[in-house]
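The values are calculated or read from the model by the stated rules, or taken from the named source; none is laboratory data. What you see is a predicted model; the values in this text were computed from it and never measured. Please note: Cβ atoms are built from the backbone with ideal geometry, for glycine as well, and neighbour counts cover all protein chains shown.
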Amino acid sequence: MLTIWGRLNSHNVKKVAWFAEELGLSFVRHDIGGQFGMSDAYLAMNPNALIPTIDDNGFILWESNAILRYLAPRHGGARWWPDEPQLRALGDRWMEWQNGYAPVQLDAFVNLVRTAPDKRDMAAVARSAQRCGELMAILDRYLAQTPWLSGEDFGVGDVPMGVYVHTWFTLDIERPDLPNLADWYNRLQSRPGYASQVMIPLT
């Protein structure tokens, strides 16, 4: 049994819970972080005081993208973590790319979702939205050439930005018209794990 620690309204926890669903894994998730706090026992597992952390039959691991890279070959084999290094790298690069995208979206998310309306910095929201649109346009151009970030088939490389694109389409911000990105997002929504673990209200 896989155990996941972390509240589901965290982007990084969503990644892991969604991918566990894609792999068909039985798992239990415990709410940790944010309004739920962190116990001494949790901090002993993850001294960074961040989420998520997993326990896979006694193997403890933190850092969401590292968890994805572990779960893919461990429980999914070559279907999810190709043996061919170049094919594997095509999707893996977008997992790294997401690490650069996340801080750009943060101001829009925090102000519009986690800040009272009278205290929002709407100038920061506008700057964040503009930069997010510029970066999403890069994804759109790539998705004009291939159906998935991982290549010809949906793969682990689609997961990190798949979580963030839902937030981008849900936030009350101005967005450029990016048809290839919109098509990718629509196809993600048809995946049961995406619907249950990612497409929840933003809080």
Condition (residue is within 21 Å of Y142 (Cβ to Cβ), within 17 Å of the chain's Cα centre (by Cα) and of a type outside the set (F, W, Y)) applied to segment 47-65: is it met by at least one residue? yes
Here is a list of conditions, (1) small (G, A, S); (2) in contact with a helix residue (DSSP H, G or I) (Cβ under 7 Å, 6 or more places away or on another chain); (3) closer than 21 Å to D158 by Cα, and A49 meets all of them except one; can you say which number that is? (3)
Tell me, please, whether a residue that is of a type in the set (A, V, I, L, M) and surrounded by fewer than 17 Cβ atoms within 10 Å (Cβ to Cβ) can be found in segment 158-175. no
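Residue-by-condition table, conditions (1) among the hydrophobic types (A, V, I, L, M, F, W, C); (2) surrounded by 14 or more Cβ atoms within 10 Å (Cβ to Cβ); (3) within 18 Å of the chain's Cα centre (by Cα); (4) not assigned by TED's automatic domain parsing to the domain that holds A72:
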{"residue": "L90", "(1), (2), (3), (4)": "yes, yes, yes, yes"}
{"residue": "G100", "(1), (2), (3), (4)": "no, no, yes, yes"}
{"residue": "Q145", "(1), (2), (3), (4)": "no, no, no, yes"}
{"residue": "A182", "(1), (2), (3), (4)": "yes, yes, yes, yes"}
Pairs under 7 Å by beta carbon, first residue within 11 Å of V165 (Cβ to Cβ) in segment 129-151, partner charged (D, E, K, R) and surrounded by 15 or more Cβ atoms within 10 Å (Cβ to Cβ), six or more apart or different chains? L149/D158
Selection within segment 157-200 - farther than 28 Å from P82 by Cα and free of Cβ contacts under 8 Å to residues at least 40 places away in the same chain: F169, T170, D177, P179
Checked segment 56-75 for anything under 12 Å from G6 (Cα atoms) and either acidic (D, E) or without any contact (Cβ under 8 Å) to a residue 60 or more places away in the chain (or both); matches are W62, E63
